[in-house]
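The values are calculated or read from the model by the stated rules, or taken from the named source; none is laboratory data. Quantities reported herein were computed from a predicted structural model and do not represent experimental measurements. Counting neighbours? That spans all protein chains shown, and the Cβs are built from the backbone with ideal geometry, glycine included.
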Amino acid sequence: MTTTTTTRPAAVPGARMEAEMRQQPEVLAALVDRWPALTAQVAALTDGAPPLGVAFLARGSSDHAALLGRYAVELRTGLPTCLVAPSVATAYGRAPEGFQGWLLVALSQSGRTPEIVDLARRYADAGARVVAVTNDGGSALAGAAHLSIALEAGPEVAVPATKTVTGQLLALLALAAGLAPGGFGSAGLTQAQAAALPDAVARVLADAESAERAAALLADHDRLAVVGRGACYPAALESALKLQETTGLMAHGFSTADFRHGPIAVCGPEAPALLLAGSGPADADTLDLRDALAARRAPILLAGAAPEADLPWPALGHLGDCVTATVRGQQLALATARRLGIDPDRPAGLNKVTMTS
């Protein structure tokens, strides 16, 4: 009797990450559908009176989303904002004070990071109104908040966060719109503008070849700078993080303005620069870096709305550029990891939930 053995095909490296990336247009479209409800809930939380200020509490990718939140709130409302330093309370033992009348926006994709949950409760006790932005509406963080914005992105299994990050970005743009329904000029994002994002992201995801060509350059180097300004600055930080955790490359994210003040010196023939430049008023400054980088003989990858971009995305003309830029960064990290023979679904020494306390 003869027996045959069936061999299962090896899993494609990064299959989970790629599958979750491809769900982003659907996740974003669902958030756009909820836009009127989300903005109304935020407006109701403040009882028609703006808070004295808005503080953001986050770690990791959520911290990068919080940075976009700061831009959106400051542009839309003019309110003072800050990023909370968790260690002030957790390591140094300083209880939060002076936040009566403030809004605290606590971000955690899982909603289970002990440090974020604990601090959300402490800030609520200090008089802040707390908004939780998390993928799990039944999480401990959601339970500690006065208002929970659940991303409802479905399970995210891959260690590199993708759909929950872009979901957070759009949720924070909705939050800013809810804080000031009239807005200031053209600042912030309208529902109509948000509605164009799912298609823009789908177009980026459909263009995998650009990312594969760019990955061929990055795979020959072990360090790089990722640079952006304005809406693209949070995306630069997030793209650098995605490259770090999926490939092990020494990638660092910089504000264009800060990059000019010294870090540009790290770039040269062996250290390329990835420039993120969308279609906003801060992006011309990033494009202007090309001459200085060329003088240093640094390889340059340009991602953005310019016709000559190596990694293009549609010109949006608003803070939504951060979403498309972030997706391009995810795509590049995945392609680079695969080119290096690394499975980004199993990054060494990393877990899905980081249990800081």
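Miscellaneous remarks
- Among the conditions (1) in contact with a Ser or Thr (Cβ under 7 Å, 6 or more places away or on another chain); (2) surrounded by fewer than 24 Cβ atoms within 10 Å (Cβ to Cβ); (3) closer than 22 Å to E152 by Cα, D63 misses just one, which is (1).
- First in the stretch 149-169 and of a type in the set (D, E), second anywhere and surrounded by 24 or more Cβ atoms within 10 Å (Cβ to Cβ) and modelled with pLDDT under 95, Cβ under 7 Å, 6 or more apart: E156/Q109
Per-residue answers, yes or no, for (1) buried (at least 24 other Cβ atoms within 10 Å of the Cβ); (2) out of contact with any Asp or Glu (no Cβ under 7 Å at 6 or more places or on another chain); (3) assigned by TED's automatic domain parsing to the domain that holds V327:
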residue	(1), (2), (3)
L75	no, yes, no
L79	no, yes, no
V84	no, yes, no
A91	no, yes, no
F99	no, yes, no
S110	no, no, no
G127	no, yes, no
A132	yes, yes, no
H146	no, yes, no
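- Residues that are modelled with pLDDT under 95, surrounded by fewer than 18 Cβ atoms within 10 Å (Cβ to Cβ) and among the small types (G, A, S) do occur in the stretch 160-183.
- Complete set of residues in the stretch 31-74 that are part of a loop (DSSP other than H, G, I, E, B) and among the charged types (D, E, K, R): R34, D47, R59
- Among the residues listed as A303, A309, A277, the single one being among the aliphatic types (A, V, I, L, M), modelled with pLDDT of 95 or more, within 19 Å of the chain's Cα centre (by Cα) and under 13 Å from L332 (Cβ atoms): A303
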